[in-house]
Amino acid sequence: MLRRRSERSLDWLNFFVANVQTGFGPFVAVYLTAQAWTDVEIGVALSVGTATMMLAQVPAGLLVDATPRKRLLAMIAMIGVALSAVLLAAWPARLPILASEVLHGVASCILAPAIAAISLALVGRARLGERLGRNARYASLGNGVAAAAMGSAGAWFSGASVFWLTAFMMIPAMVTLTFIRQSELHPPPPPTPVQDAAGRGEIRGLLTNRSVLVFAACCLLFTLANAAMLPLVGAEITRVAGDEANLVIAACIVVPQFVVALISPWVGRMAQSRGRRSMLMLGFAALPVRGLLLSVVSDPLGLAAVQMLDGISAAVLGVLLPLLAADLTKGNNRFNLCMALFGLAVGIGATISTTLAGAISSWFGAGAAFGVLAGSGFLAFLLVVFLMPETRGEEDEAESVTA
Amino acid sequence: MLSRPRPLPLRYAAACIGLLLPTLAFAADGDPPAEAPPAATAPPATTQPPVDPPPASATPPVAAPTTPPQAEVPPAARETLEARAAFRTMGQDVKGPSGIVVAQLVNILVNTEGQPVAAILDYGGFLGVGKRRIAVAWRALQFTPDGIGLGLSREQLRGLPEFKDGEPAVLAVPPAAPGTAEAPANR
């Protein structure tokens with residue numbers, strides 16, 4: 001029963017952490033505009049945040065792998081995120097905001113792998129798929145609730161109130177972390193001195209592992225297609241919809257979160273029982289289809305319905321990214337490093353996505369931009385179908401059948 | 001702990017260097033480049049934007065030291081604005097006809113006499129998703145102590161093309177009063 005309590009606490013930990021991270025999305029640009037920052041200054045601040053995230057991914061992954069005290073690390077990272085929110089709210093001058101962006105980038109890069117590592121340590125490899133599905137469910141619920149709460153706070157109070165709320169939300173997150181008992185955690189064995197002396201060899205080994213590279217490329221292409229779709233849709237809706245524009249955009253954000261909350265555990269179970277490839281193909285196929293549909297559908301309700309496909313692909317990637325990282329690093333202690341590599345690919349894809357989509361959209365229109373994004377998604381799908389092997393191990397299959 | 005992994009400090013160092021690089025890059029490019037701001041925002045701004053004071057601040061400039069040694073240039077005179085007589089504009093919320101915040105004012109376009117002709121707004125969106133940059137005629141805005149009001153509703157602004165820097169701006173203009181021929185809300 002204590003194990004159940006730890007698992008429940010992990011659920012709510014994901015919920016509250018997602019709550020906190022929602023405030024750091026596109027809303028930061030809105031907040032800084034209200035502080036009379038110019039476009040150039042906002043661009044610099046946000047680029048610093050993005051660059052920090054990309055630079056910090058791999059060191060953070062190494063860090064989380066190296067330390068056995070993952071809960072402590074998660075706690076420190078959470079304090080860092082809360083601090084960056086407080087800096088945003090209380091002191092919107094140039095240097096503190098840059099410090100806030102850097103701090104948030106580093107802390108997020110540590111927090112996400114730490115939670116995944118705690119999940120792996122709590123349930124073991126055989127049940128990891130379902131556990132990650134539950135993580136994704138609670139995270140999307142947290143995103144949805146936070147979007148509603150912060151949207152209201154931003155509209156009724158002030159922009160700064162959103163970040164005070166964000167910082168405040170960290171308190172329940174830290175409380176739930178303390179409820180995860182150390183005794184329940186059975187992390188993979190730490191590297192023996194022989195293995196660890198070849199630390200660099202391990203990293204190189206990871207980089208030359210073909211499956212790791214293939215999936216990193218898939219993640220990059222997927223995120224390249226996915227990241228810019230919602231902002232493009234949002235801009236289109238604002239352009240063509242009248243008074244109900246904001247509601248439609250809110251629906252386009254909430255519907256995928258709802259779908260993720262609904263199907264994530266199922267995706268995790270399927271990945272355990274049927275294998276990873278079937279789920280990967282489902283999720284990666286949904287993306288180009290969604291891109292094409294978004295370019296032809298203009299009715300607001302239709303757009304919100306098409307966003308359900310966003311939920312499917314988001315659920316699949318959210319569950320399978322850590323799951324594949326665990327599969328591909330079985331036997332060594334490089335789980336978080338592998339996740340960091342995938343996270344880096346995602347970050348690069350997202351950066352290219354927004355720049356590319358913005359450029360194409362301003363020269364050729366939104367329809368062309370959706371087409372290019374859908375093309376990238378299709379490329380990712382082809383990679384998955386033809387180059388990505390099944391990574392579920394034999395003993396995992398046996399364990400999950402008997403579990 | 002029996003054996004600490006030795007490469008750990010190296011990773012810490014790598015992480016720290018990774019952290020410092022962006023901030024060093026920022027420090028290297030010195031003062032923030034002020035975007036070519038419309039002249040309308042320079043004059044009697046009694047408040048400053050909350051950034052490090054750029055070289056051209058709100059305090060009146062003293063005599064330039066590089067003028068040739070002729071007659072002394074008198075220092076600039078000063079005048080004080082009543083607190084409620086003038087309002088900040090940049091970044092301020094703009095409320096629609098229904099009273100809810102619909103946009104943020106991000107830029108002002110002026111003609112050669114320094115008269116504002118258009119305002120650039122970041123319009124719409126939810127939590128930052130879906131906002132568009134549009135231009136509205138200056139006369140569509142009302143300035144009150146409670147904030148800036150926009151006289152055009154969302155329905156009226158449908159289909160307005162986005163504002164792009166460097167291209168001729170398409171302004172949204174309040175429709176002509178009923179009784180005269182109905183002018184379209186968007187040109």
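The values are calculated or read from the model by the stated rules, or taken from the named source; none is laboratory data. This is a predicted model, so every value here is computed, not measured. For neighbour counting, all protein chains shown are included, and Cβ atoms are generated from backbone atoms with ideal geometry for every residue, glycine included.
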Query raised in the report: When only residues in region A:92-129 that are in a helix (DSSP H, G or I) and in contact with an Asp or Glu (Cβ under 7 Å, 6 or more places away or on another chain) count, which is nearest to the other protein chains (Cβ to nearest Cβ)?
Result: A:Arg94
**Report entry** Residue check for A:Val81: more than 12 Å from chain B (Cβ to nearest Cβ), surrounded by fewer than 19 Cβ atoms within 10 Å (Cβ to Cβ) and within 21 Å of the chain's Cα centre (by Cα)
**Finding:** no
Query raised in the report: Where residues in region B:149-161 are more than 8 Å from chain A (Cβ to nearest Cβ) and assigned to a loop (DSSP other than H, G, I, E, B), which of them is farthest from B:Ala177 (Cα to Cα)?
Result: B:Pro161
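State yes or no: is A:Leu63 touching a residue at least 24 places away in the same chain (Cβ under 8 Å) and assigned by TED's automatic domain parsing to the domain that holds A:Ser140?
Taking the combined requirement at face value, the residue satisfies it.
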Report summary line: For A:Glu390, the lone unmet condition from (1) in contact with a Lys or Arg (Cβ under 6 Å, 6 or more places away or on another chain); (2) at pLDDT 90 or above is (2)
Requested in this report: Count, please, the residues in region B:125-148 that happen to be within 8 Å of chain A (Cβ to nearest Cβ) and in contact with a strand residue (DSSP E or B) (Cβ under 6 Å, 6 or more places away or on another chain).
Outcome: 2
Query raised in the report: Within region B:79-86, can one find any residue that is touching a residue at least 40 places away in the same chain (Cβ under 8 Å), out of contact with any Cys (no Cβ under 7 Å at 6 or more places or on another chain) and of a type in the set (D, E, K, R)?
Result: yes
Report summary line: The one condition A:Leu132 fails out of (1) in contact with a Pro (Cβ under 7 Å, 6 or more places away or on another chain); (2) not in a helix (DSSP H, G or I) is (2)
Query raised in the report: Of the residues that make up region A:333-344, is at least one farther than 28 Å from A:Gly133 by Cα, small (Gly, Ala, Ser), touching a residue at least 60 places away in the same chain (Cβ under 8 Å) and out of contact with any strand residue (DSSP E or B) (no Cβ under 8 Å at 6 or more places or on another chain)?
Result: no
Requested in this report: Identify, by number, the condition in (1) modelled with pLDDT under 90; (2) surrounded by 18 or more Cβ atoms within 10 Å (Cβ to Cβ); (3) within 14 Å of chain B (Cβ to nearest Cβ); (4) within 30 Å of A:Thr391 (Cα to Cα) that A:Pro68 doesn't meet.
Outcome: (2)
Report summary line: Checked against (1) more than 14 Å from every other protein chain (Cβ to nearest Cβ); (2) farther than 20 Å from A:Gly358 by Cβ; (3) in a loop (DSSP other than H, G, I, E, B), B:Ala169 satisfies every condition except (2)
Report task. Kindly list the number of the only condition in (1) under 22 Å from A:Leu232 (Cα atoms); (2) assigned to a helix (DSSP H, G or I); (3) touching a residue at least 60 places away in the same chain (Cβ under 8 Å) that fails for A:Val255. Result -> (3)
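Determine, yes or no, whether A:Thr166 is within 14 Å of chain B (Cβ to nearest Cβ), in a helix (DSSP H, G or I) and modelled with pLDDT of 85 or more.
Against the criterion (within 14 Å of chain B (Cβ to nearest Cβ), in a helix (DSSP H, G or I) and modelled with pLDDT of 85 or more), A:Thr166 qualifies.
Within region A:1-83, which helices (runs of 4 or more DSSP H) (wholly inside it) include 2 or more residues that are among the aromatic types (Phe, Trp, Tyr)?
It comes to A:2-22, A:27-34.
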Report summary line: Selection over region A:355-380 where residues are under 21 Å from A:Leu317 (Cα atoms) and surrounded by 17 or more Cβ atoms within 10 Å (Cβ to Cβ) yields a count of 9
Requested in this report: Search region A:202-254 for residues being within 15 Å of A:Leu287 (Cα to Cα) and β-branched (Val, Ile, Thr), and hand back the single one that is surrounded by the fewest Cβ atoms within 10 Å (Cβ to Cβ).
Outcome: A:Thr223
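Condition check: buried (at least 22 other Cβ atoms within 10 Å of the Cβ) and touching a residue at least 24 places away in the same chain (Cβ under 8 Å). Does A:Gln57 satisfy that?
Yes.
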Query raised in the report: Is there a residue being surrounded by fewer than 24 Cβ atoms within 10 Å (Cβ to Cβ), in contact (Cβ under 8 Å) with a residue 40 or more places away in the chain and in contact with a Lys or Arg (Cβ under 8 Å, 6 or more places away or on another chain) anywhere in region A:27-41?
Result: yes
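Against the condition within 14 Å of chain B (Cβ to nearest Cβ) and either at pLDDT below 90 or touching an Asp or Glu at 6+ places or on another chain (Cβ under 9 Å) (or both), how does A:Arg210 come out, does it pass?
Here the answer is no, as A:Arg210 does not meet what is asked.
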